[in-house]
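Notes follow the structure.
Readers should treat all values here as calculations from the given coordinates under stated rules, not as data from a laboratory. Please read these numbers as outputs of a predicted model, since none were measured by experiment. Glycine gets a Cβ as well: all are built from the backbone with ideal geometry, and neighbour counts include every protein chain shown.
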Amino acid sequence: MIPEILIEEDIKEWLKEDIPYWDITTNLLPDKKVKAKIFAKQEGIIAGLTVAEKIFTLLGAEWNANVQEGQKVSKKQVIAEIKGNIKSLLQGERIALNILGRMSGIATTTAQMIEKTRKINPNLKICATRKTVPGLAKYDKYAVTIGGGDTHRFNLSDMVLLKENHLSLFSSITEAIAKAKETVSFSKKIEVEVKNEEEAIEAAKAGADIIMLDNFKPIQAKHVVKKIREINQNILIELSGNIKIDNIEDFELENVNHISSGSLTHSVKNFDLSMLIE
């Protein structure tokens, strides 16, 4: 769970952005205590309840969730009920629906992708990437975990990931891995992104902990996975690059450990929610 103090700091910035001086429309209304309901307009997985609650409570309203984080909901199901001054509810409405809709959309897509792969390889992990909106990474990645996925590396401090541009500064993949092993703490895994069979074999022989097959076609990935396994059965193998919910089943996944998909966060379809004053 994201620490409450970080959520509160972010929400205050969001409110400043949305209400820099005053809410000129809501100021036309009288002070009146009302009730409102947030309800789903589609089926899916709900994520972000704690964030939405904090938005309304910071504005002085009362929040009561009717569902739990990660629960699958149906169309028209009531997600939460809010009580408070009409001005507080209207000022919090769009910010709350935006973050709740984004996080629930990510969680729903993640869960759907996992459902597609579960029968093929129940141990396969569906992972996020760093293709997130600046400032929202922790919410995006938390939503992935609510959907049953894995965050992958959370930031650049988490692990070594030698990508094409890093490798261009070394004479070989072997040299790059040796430098990482010499320099970085033993507690950090070393992953290498490869673009062909030759690079994958070199990375496996050089002692990479994880090998990412980037933008491999399904038949090519199957062949290279087999080659890697012949060298080392314990290396973690990750497939990445334009893998989405509609093409993930094209890949043979039995001997793969991870699928990382930027589509979980950079192409998220917002979960449809609405708030109505009673």
**Message:** If I fit a long axis through the Cα atoms of helix 4-18 and take the longest principal axis of the Cα atoms of the chain, what angle between them do I get, 0 to 90°, rounded to 10?
**Reply:** 60 degrees
**Message:** I need the Kirkwood Rh of the chain: take the reciprocal of the average 1/r across all distinct C-alpha pairs and report it in angstrom.
**Reply:** 20.8 Å
**Request:** Please identify, among Pro218, Pro134, Pro122, the residue showing maximal mean-square fluctuation in a Gaussian network model of the chain using a 10 angstrom Cα cutoff.
**Result:** Pro134
**Item:** lysines with Cα under 22 Å of Lys33, excluding same-chain neighbours fewer than 8 positions away
**Value:** Lys54, Lys83, Lys87
**Residue range of the chain that is longest and free of chymotrypsin sites (Phe, Trp or Tyr not before Pro) which are both DSSP loop and sparsely packed (at most 16 other C-beta within 10 Å)** = 23-153
**Request:** Could you pull out every residue, at least 5 positions away or on a different chain, whose amide H is within less than 5 Å of the one on Asn215? Hs are placed 1.01 Å off N in the peptide plane, and Pro or chain starts have none.
**Result:** Ser240, Gly241
**Asked** Given the options Met103, Met159, Met212, which has the most mean-square fluctuation in a GNM of the chain, springs set between C-alpha atoms less than 10 angstrom apart?
**Response** Met159
**Item:** Gain upon complete extension [Asn255, Glu278; 0.36 nm per residue less C-alpha separation]
**Value:** 2.9 nm
**Prompt:** Mind checking which aspartates and glutamates have their C-alpha under 16 Å from Lys37, skipping anything on the same chain fewer than 8 residues away?
**Reply:** Glu53, Glu62, Glu81, Glu93, Asp272, Glu278
**Asked** PRE reach from Ile231 (point 7 Å along Cα→Cβ): which of segment 117-156 fall under 16 Å by backbone N?
**Response** none
**Complete:** Under the helix-only model (-39500 (n - 2.57) for each DSSP H run of 4 or more, divided by the residues of the chain), the mean residue ellipticity at 222 nm, to 500 deg cm²/dmol, is -12500 deg cm²/dmol
**Item:** Length-normalised contact order of segment 121-266 in % [C-alpha pairs under 8 Å, at least 6 apart]
**Value:** 27 percent
